[in-house]
Amino acid sequence: MKDLMYSLCSQEGAFYLCKITIGREITMDIKFAYNTRDKVLQKSFFDSDFSEDFEKYPRAKKFIPEWLSDILKRKKRI
């Protein structure tokens, strides 16, 4: 799913978190996190993981959040 969504709008990059909630009455809610580094991601991903993800799914500069830019500068990816 990540590859497909990236191919549709690669300039924005790929999502870091996808939350799918399915309700009892056959309802579905899907949320994607492209720019936030929430607590779940802070516990699960190291800076190097974000850097590697950026190599696979690069973004246009205007879509790189400040926290990611800081990581990429430290890793010399941008």
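Of everything in region 35-54 that's out of contact with any Lys or Arg (no Cβ under 9 Å at 6 or more places or on another chain) and assigned to a loop (DSSP other than H, G, I, E, B), which residue is nearest to Ser10 (Cα to Cα)? The residue in question is Asn35. Here Lys61 meets each of (1) within 23 Å of Leu4 (Cα to Cα); (2) touching a strand residue (DSSP E or B) at 6+ places or on another chain (Cβ under 9 Å); (3) of a type in the set (D, E, K, R) with one exception, condition (2). Once region 6-31 is narrowed to residues that are without any contact (Cβ under 8 Å) to a residue 24 or more places away in the chain and under 11 Å from the mean Cα position of the chain (by Cα), the residue that is surrounded by the fewest Cβ atoms within 10 Å (Cβ to Cβ) is Cys18.
The numbers here are math on the coordinates, done by the rules we state, and not lab data. Source: prediction; values computed, not measured. Neighbour counts are summed over all protein chains in view; Cβ atoms, including those assigned to glycine, are modelled from backbone coordinates with ideal geometry.
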